[in-house]
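Before any comments, here is the structure.
The values are calculated or read from the model by the stated rules, or taken from the named source; none is laboratory data. The structure displayed is predicted, hence computed values, not measured ones. We place every Cβ from the backbone using ideal geometry, glycine too, and count neighbours over all the protein chains shown.
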Amino acid sequence: MLQYRNNLPQLSSDLFLTDGGIETTLIFREGLDLPDFAAFDLLRHEGGYQALKTYFRTYASLARNYQVGLVLESATWRANPDWGTKLGYSSTALAELNHKAIALLHEIRQDYETEQSRMVISGCLGPRGDGYIPAEAMTAEAAAEYHRPQIETFRDADADLVTAITMNYIEEAIGIARAAQSVGMPVVISFTVETDGKLPTGQTLKAAIEQVEQATNQFPAYYMINCAHPTHFATTLVPGEAWTERIRGLRANASAKSHAELNESETLDDGNPAEFGDQYRELRAKFPHLTVLGGCCGTDHRHVEAICKACLPVAWASLVNPVLTLL
């Protein structure tokens, strides 16, 4: 059932969590096979569907336990035509799994949402190509045409919004925003940056956001940063500047390694969850409009719970039992 599309609750000052690094969790911690990092591939069989359901239940339990909001991000980062074709999916089969991914999140919301813990369903869009390397870049027009069918599927499945994760060049981000606007879907744009705080193209985050804003008449609901460690972008953000205030979400990596180093790593670097939470608290102290907080590569529920504890008032966080008691 459509619930928040016309009134996204995470645009308030309330804290909203989202999940951690779904692919790294499922591969390194659960031992599941995700060809080409495609978590959506699990939806083709019952065992995979249940594995994803268990994964999302963990975060829904955490949000309900701490009485904070939750953005449920669908397992569809790789569920676009290029990656789907590579994995042997027809356009029809791909649309069915995109729809099924949203249906799963409706189940989770029905089971876990409370008045104190509102749960927003987001259809996750990934880049057409590699998440780290902006090779074979599209024009904004081509990107809009390419991504529109997946956005339409999310709309028809009653997702509340779409979120473009790991955008590494602006034309694709602009195209996605325009496509979402054309079909009546709120959209969030999440850029990734390198260790110097700049996009893989070398463009500054400020210039990227300002260019998308200008090209789309400020259509995105907000922006996020993902797949980079907090130390990679903390000094890039400038309190009080308008472009910075448009960033409402963070999904950082657990590791301070570069994208190139992560690509070559055969082991999981999960960092230090408590330190990770402290870094989020420091950022939120400077930028209180950061209200959507989660993780990316190497993070799991431990990191997200550490974020929650660090960012909630100390007296309240100390009263809440660990999330695992509710699973």
Kindly indicate which of Ile133, Ile165 is of a type in the set (Val, Ile, Thr), buried (at least 22 other Cβ atoms within 10 Å of the Cβ) and either touching a strand residue (DSSP E or B) at 6+ places or on another chain (Cβ under 7 Å) or touching a residue at least 24 places away in the same chain (Cβ under 8 Å) (or both).
-> Ile165
What pairs come up if the first residue lies in the stretch 15-41 and is without any contact (Cβ under 8 Å) to a residue 60 or more places away in the chain, the second is surrounded by fewer than 24 Cβ atoms within 10 Å (Cβ to Cβ) and of a type in the set (Gly, Ala, Ser), and their beta carbons are under 8 Å apart, counting only those six or more places apart or on different chains?
-> Leu26/Ala51; Glu30/Ala51; Leu32/Gly48; Leu32/Ala51; Asp41/Gly48
Hits in the stretch 75-111 (condition: not β-branched (Val, Ile, Thr) and not in a helix (DSSP H, G or I)) = Ala75, Trp77, Arg78, Ala79, Asn80, Leu87, Gly88, Tyr89, Ser90
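Yes or no, residue by residue, for (1) buried (at least 20 other Cβ atoms within 10 Å of the Cβ); (2) modelled with pLDDT of 95 or more; (3) under 20 Å from the mean Cα position of the chain (by Cα):
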| position | (1), (2), (3) |
| --- | --- |
| Glu23 | no, yes, yes |
| Ala51 | no, yes, yes |
| Arg57 | no, yes, yes |
| Pro81 | no, yes, yes |
| Gly88 | no, yes, no |
| Leu97 | yes, yes, yes |
| Leu105 | yes, yes, yes |
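Taking Leu72 as the residue in question, decide whether it is free of Cβ contacts under 8 Å to residues at least 60 places away in the same chain, surrounded by 20 or more Cβ atoms within 10 Å (Cβ to Cβ) and assigned to a strand (DSSP E or B). Before the answer, list the steps.
Values: free of Cβ contacts under 8 Å to residues at least 60 places away in the same chain: yes; surrounded by 20 or more Cβ atoms within 10 Å (Cβ to Cβ): yes; assigned to a strand (DSSP E or B): yes.
Yes.
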Among the residues of the stretch 217-229, is any part of a helix (DSSP H, G or I) and surrounded by fewer than 23 Cβ atoms within 10 Å (Cβ to Cβ)?
-> no
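Just a yes or no: is a residue in the stretch 234-245 under 17 Å from the mean Cα position of the chain (by Cα), farther than 22 Å from Asp278 by Cβ and surrounded by 17 or more Cβ atoms within 10 Å (Cβ to Cβ)? Walk me through it before giving the result.
Looking only at the stretch 234-245, we keep the residues that are under 17 Å from the mean Cα position of the chain (by Cα), and these are none.
There is no residue in the stretch 234-245 that is under 17 Å from the mean Cα position of the chain (by Cα), farther than 22 Å from Asp278 by Cβ and surrounded by 17 or more Cβ atoms within 10 Å (Cβ to Cβ).
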For the stretch 163-190, the count of residues that are in contact with a helix residue (DSSP H, G or I) (Cβ under 6 Å, 6 or more places away or on another chain) and within 17 Å of Arg246 (Cα to Cα) equals 8
Being surrounded by 14 or more Cβ atoms within 10 Å (Cβ to Cβ) and of a type outside the set (Ser, Thr, Tyr) is the filter; apply it to the stretch 112-124 and report the residue that is farthest from the chain's Cα centre (by Cα).
-> Glu113
Scan of the stretch 1-21 for residues that are crowded, with 16+ Cβ neighbours inside 10 Å and part of a loop (DSSP other than H, G, I, E, B), ordered by number = Gln3, Tyr4, Arg5, Leu8, Leu15, Asp19, Gly20, Gly21
